[in-house]
Structures are given as C-alpha cells and as structure tokens.
Ligand SMILES: NC(=O)c1ccc[n+]([C@@H]2O[C@H](COP(=O)([O-])OP(=O)(O)OC[C@H]3O[C@@H](n4cnc5c(N)ncnc54)[C@H](O)[C@@H]3O)[C@@H](O)[C@H]2O)c1
C-alpha cells in the first residue's frame, strides 16, 4: 500500500495550468515543490510564493531532473511540463519530440518502480479529426493529427503498457482546451485569444469556424487534480484515463464568437476559408463525472467575462512572446 498524501512534485508547475494548480494546492494547505525551467520567463508565482513555507521552487530542465530532485521524497508527481500546442511543436519538431517523448519517458522509467501516484496531463486533441460529432469517450480510437498530440499518445501508451509491470499508480487526464486567467497567461488558446482581440477592438480572423472542441477553465483542472491527489479509493484512478471537462463546454468557434459578441457591439470579424486546424471533436465526460465532482466547473461565459474585464483594463499585453521561442502564437490552436 502507498503511504498517504505527503509532498507533491509538480513538473511544469509554473506554466499556464501549473501556476493555477500550485496556488490551488497551497490554498488547500498541501506541500508543493514546483519544478520548471521558466521557458516563458514565467516567474510570477515563484516570487509570490517565495515566502510560503509549503512551497519550494526548483529551477531546472527535465533532462536533468533526477540530479535535482529525489523522486522518492514525493507521494505524488504531476507532470505538466513540455512544449505545448501545435504551433510550437511544429516549429521545433525535433526538440519537442526530445522533450515531450524522450525526457518524459525517461522520467517514467525512473519512477515506475516507486510506490507513488503519477498524473500525466494528456489532451483531448488526441481525438483529432472525428468522422462525426458523436461525443468521444476514453475508449474510442485516437487519431492524433499533430506532432504535439502524437507525442501525448506515445506517452499514454508507454504508461498503460506498464500495468502489472510497475509499482506506481498512474492516472492519465486528457484535458480539454483550457481557458481562463492564470499568473502565466496564454493567449494562443481559442477563448482567451478571441476574447482579447475583441475586447481590444482588433480585427479577428477566424479559421475553421465550424470546428468543435471541448473547453475547460484552468481552475477546474486544479480542482480535478486536487480531487485526484486526495481520493480515498485509489482503484478508481489506477491506470485509468479520464477526459477532463464538462459536456456543456463543448462548443464550435462560431458559438464562442456569438457569446463574446454579447459583450461588445460592432465586432470586427473576418471569416477565412483557409483551414489551419482540422481538429473537430466533441467529447464525452461521463467517466469523469462517475468518479469526481464537476458541479462547480466554470462556464465558457464565465471565462469570457473575466478575460474581457482584465484585457479591457490593459492587463496582459505581450504574454505570448518568449525570448527562447520568439512569438510562438499563430492562431487559436491549443
Ligand atoms: N493549455 C491547454 O489548453 C492544454 C490542453 C490540454 C492539455 N494540456 C497539457 O497541460 C500541460 C500544461 O500546459 P500549459 O498550458 O500549462 O502549458 P505551458 O507551456 O504554460 O506550461 C508548460 C510549463 O513547462 C515548462 N517547461 C517546458 N519545457 C520544460 C523543460 N524541458 N524542463 C522543465 N520545464 C519545462 C515551461 O516553462 C512551462 O512553465 C501540458 O502537458 C499540456 O500538454 C494543456
């Protein structure tokens, strides 16, 4: 039997999702070590949490993580780090495979025989282009289209192949496309990007307007991860895969525009016939609901409103520019 919740290591703990998760866990009184290489100069939380005795920041590259942390010190490891999304993994394909496949694989090999919980953040992008809009469930065939999603499927398979051959307790979460406020803001995500452009009265070009996808607020990922690390019956999560989101937050891009346009008159939209991103999938979340509570999950409208209000106050202007990767934002692609 694994010992109970002790200290949690969050790899990628300073990212868009990670920094919200770290804060959520600290609010709940958990002990968190955050490991990150601050790719995007995303050090806001490092400064804010510096004096919190339950928080420790460990700066480093995933490739050298085992010389910087002792995995055995943790009851839970959550892996959020990597190069995230289609544009950046397309632009830096070899590097992304090195990070998102080789480095993560190495970590899994090193922890698989330790009696700890491991949570891997995968993506609903693994469903890729589906034949119709019937909701995809966890056991459906995966059709990853991008290097990004192919690497996620590669790691999922590696984890699942270790059932009966390891001592760890892994759980795979396929996150919906995120939205909402975070200390490390991302505006290369559909809802955040659309809302910002409209709030700033800029012209917004929409590609693939009728493609569907599920969306989920960043804080709800933190909520689910918290429920997962505090769960009593580990059989429910051991070697399990869950889609993370709620049915009501499946939406097409046109629908998102409709909702944002309620906040502003005379919005400037150009519909492009060019296709940048063919992914089209609606996702089923009933498995998640059977194990976890999703009653407090936030709506797309909630996210639109909070982003609209922040951006209207001129907060978060150039957050998608990284010294290392230049301007990595292309357009509304996770
Ligand atoms: N944001 C979404 O819509 C979304 C949707 C589905 C799944 N996910 C998954 O959730 C996780 C977090 O995504 P995010 O949106 O927070 O991305 P993010 O880019 O904001 O966070 C990634 C973090 O990892 C760090 N990092 C990158 N390479 C590293 C390395 N080699 N060594 C150490 N640290 C490194 C970065 O500095 C960053 O803080 C990812 O695994 C992503 O695939 C995100």
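The values are calculated or read from the model by the stated rules, or taken from the named source; none is laboratory data. Quick caveat: nothing in here was measured; it's all calculated off a predicted structure. FYI the Cβ positions are ideal-geometry reconstructions off the backbone, even for glycines, and counts take in every protein chain you see.
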>> So residue 262 passes all but one of these: (1) in the same structural domain as residue 316 (by TED's automatic domain parsing); (2) free of Cβ contacts under 8 Å to residues at least 60 places away in the same chain; (3) under 20 Å from residue 173 (Cα atoms). Which condition number does it fail?
In response: (3)
> Restricting the search to the range 191-236, which residues are in contact with a strand residue (DSSP E or B) (Cβ under 7 Å, 6 or more places away or on another chain), assigned to a helix (DSSP H, G or I) and farther than 28 Å from residue 25 by Cα?
Replying inline: 194, 197, 198
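Please tell me if residue 155 is in contact with a helix residue (DSSP H, G or I) (Cβ under 9 Å, 6 or more places away or on another chain), within 16 Å of the ligand (Cβ to nearest atom) and within 21 Å of residue 241 (Cβ to Cβ).
yes
Name the strands (runs of 3 or more DSSP E) wholly inside the range 1-59 in which the number of residues that are assigned by TED's automatic domain parsing to the domain that holds residue 73 and within 8 Å of the ligand (Cβ to nearest atom) is 3 or more.
none
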> Restricting the search to the range 109-124, which residues are more than 11 Å from the ligand (Cβ to nearest atom) and in contact (Cβ under 8 Å) with a residue 60 or more places away in the chain?
Replying inline: 115, 116, 117
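Report, by residue number, each residue of the range 60-83 that is assigned to a loop (DSSP other than H, G, I, E, B) and touching a strand residue (DSSP E or B) at 6+ places or on another chain (Cβ under 9 Å).
Within the range 60-83, 60, 69, 74, 75, 80, 81, 82 meet the criteria.
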>> Just the residues that are within 19 Å of the chain's Cα centre (by Cα) and away from the ligand (no atom under 13 Å from the Cβ), please, taken from the range 158-180.
In response: 159, 170, 171
> Restricting attention to the range 265-310, and to residues there that are over 21 Å from residue 179 (Cα atoms) and without any contact (Cβ under 8 Å) to a residue 40 or more places away in the chain, which single residue is nearest to the chain's Cα centre (by Cα)?
Replying inline: 290
>> When you check residue 143 against the structure, is it over 28 Å from residue 235 (Cβ atoms), in a helix (DSSP H, G or I) and more than 14 Å from the ligand (Cβ to nearest atom), yes or no?
In response: no
>> Testing residue 149 on (1) at pLDDT below 95; (2) part of a helix (DSSP H, G or I), one condition comes back false. Which one is that?
In response: (1)
> Considering the range 84-108 alone, what residues qualify as being away from the ligand (no atom under 11 Å from the Cβ), modelled with pLDDT of 95 or more and either more than 29 Å from residue 236 (Cα to Cα) or surrounded by 21 or more Cβ atoms within 10 Å (Cβ to Cβ) (or both)?
Replying inline: 93, 94, 97
> For the range 242-252, what are the residues that are outside any strand (DSSP E or B) and surrounded by fewer than 21 Cβ atoms within 10 Å (Cβ to Cβ)?
Replying inline: 247, 248
> Given the conditions (1) more than 29 Å from residue 253 (Cβ to Cβ); (2) not in a helix (DSSP H, G or I), and given that residue 106 satisfies all but one, which numbered condition is not satisfied?
Replying inline: (2)
> Any idea which of (1) in contact with a strand residue (DSSP E or B) (Cβ under 8 Å, 6 or more places away or on another chain); (2) more than 23 Å from residue 175 (Cα to Cα); (3) at pLDDT below 95 is the one residue 44 doesn't satisfy?
Replying inline: (1)
